[in-house]
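Chemist: I'd like to ask you about the structure that follows.
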Amino acid sequence: MFSKKTKANHIKKFDWLVKKQSTDTEKNETKATKNNWVINKSSTALLPEEKEVLELGLNFAPTPKRVPVIDILAGVEVATRRAKLQVEVSEELRARICSVIKNTKVSQNNMKPSQHQAIASLKRNDTIVIVKADKGNATVVLDKSDYMDKCYMLLQPPTYKKLKKDPTQVVKKRITDLLKELKAAKHINMAMFNKLKPTNCFAPKFYGCQKCTNQTFH
C-alpha cells in the first residue's frame, strides 16, 4: 500500500502528464491547422516571412501609419448627403467627428518589421496572384498566368458577353425615375424613397476563387 504522501505525489504527477499531453496535442493541432491556412499552388517558393504574413488572412488590417482623415471625412460627407440631414445637424456632426479625429492617436503597430517587408515583397512579385479559397479562411497563391487563363476561360460566351460601355449609370437613372413616379403617386413616402434610391453605384468586379477540395477554379 502507498502512503498518503506517495499517493498524492503520483496523482499530482499523473495530472501533470495529462495536462502536458493535452497542451502538446493542442499545439500540434494548431500547427496542422496553420499549415492549411496558406495553400501555395504557384511555382514560386514562399519565404517563411511571406507565409507568416499570409497566415494572418486577407481580412487582416495592418495598423495605419497615420489616421486616414481624408477617407473619414469623405465618408461623413457621403453619409450626411444620403441621410438628407439639416444643415445645422450636418455641421454639428462634422464638428464632433473633427474633434474625435484631432484627439485620436494611431494604435501601436500590430506587425513586425519582417512582416511589413514580406508584404512589400509579395506586392512586388507580379508573377503571382493571391486569392481567397471558396470556403473557409484559407489563402491561395496562384501563378498569375494560370489565373488569367482560367478567368478568360470562364468569361467565354454564352455565360458572359462584352458590353460597349458600363450600363450602371443608366440603370441607376431608371430606378431613380421609377422611385420618383412611385413617390409622386404616393405609393411610397420620402423616407422609403431615400432608402431605396441608389447611390454610389458601381459595376461589380469579376474575380476568381480557388476551390481547393477538387482543384477546380470558379
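The values are calculated or read from the model by the stated rules, or taken from the named source; none is laboratory data. Keep in mind the model is a prediction, meaning the values are calculated, not measured. Every residue, glycine as well, gets a Cβ built from its backbone with ideal geometry; the counts of neighbours run over all protein chains shown.
Chemist: Are any residues in the range 49-95 in contact with a Ser or Thr (Cβ under 7 Å, 6 or more places away or on another chain) and of a type outside the set (Ser, Thr, Tyr), and if so, which ones?
Modeler: Correct list: 49, 50, 54, 57, 58, 67, 82, 93.
Chemist: Within the range 119-139, can one find any residue that is touching a residue at least 24 places away in the same chain (Cβ under 8 Å), assigned to a strand (DSSP E or B), surrounded by 11 or more Cβ atoms within 10 Å (Cβ to Cβ) and out of contact with any Leu (no Cβ under 8 Å at 6 or more places or on another chain)?
Modeler: Scanning the range 119-139 turns up at least one residue that is touching a residue at least 24 places away in the same chain (Cβ under 8 Å), assigned to a strand (DSSP E or B), surrounded by 11 or more Cβ atoms within 10 Å (Cβ to Cβ) and out of contact with any Leu (no Cβ under 8 Å at 6 or more places or on another chain).
Chemist: Find all pairs meeting these conditions: Cβ atoms under 6 angstrom apart; at least six residues apart or on different chains; first residue within the range 165-180 and loosely packed, with under 13 Cβ neighbours inside 10 Å; second residue assigned to a loop (DSSP other than H, G, I, E, B).
Modeler: 166/203
Chemist: Going through the range 102-118 one residue at a time, which ones are surrounded by 10 or more Cβ atoms within 10 Å (Cβ to Cβ) and of a type in the set (Gly, Ala, Ser)?
Modeler: If we filter the range 102-118 for residues that are surrounded by 10 or more Cβ atoms within 10 Å (Cβ to Cβ), which is where we start, we get 104, 106, 109-112, 114-118.
Listed by number, the residues that qualify are 114, 118.
Chemist: Going by what's in this entry, would residue 175 be described as within 30 Å of residue 65 (Cβ to Cβ), touching a helix residue (DSSP H, G or I) at 6+ places or on another chain (Cβ under 9 Å), assigned to a helix (DSSP H, G or I) and of a type in the set (Val, Ile, Thr)?
Modeler: So residue 175 fails the test.
Chemist: Now a separate question. With (1) farther than 17 Å from residue 40 by Cβ; (2) among the aliphatic types (A, V, I, L, M); (3) at pLDDT below 95 as the list, and residue 138 as the residue in question, which single condition is left unmet?
Modeler: (1)
Chemist: Only residues in the range 189-208 that are among the aromatic types (Phe, Trp, Tyr) count as the first member; pair them with residues that are in a loop (DSSP other than H, G, I, E, B), Cβ under 8 angstrom, at least 6 apart or cross-chain, and list the lot.
Modeler: Close Cβ pairs satisfying both conditions: 206/155.
Chemist: Can you name every one of the helices (runs of 4 or more DSSP H) wholly within the range 1-117 that holds 1 or more residues which are modelled with pLDDT of 85 or more and not polar (S, T, N, Q)?
Modeler: Output list reads 48-54, 69-83, 87-102.
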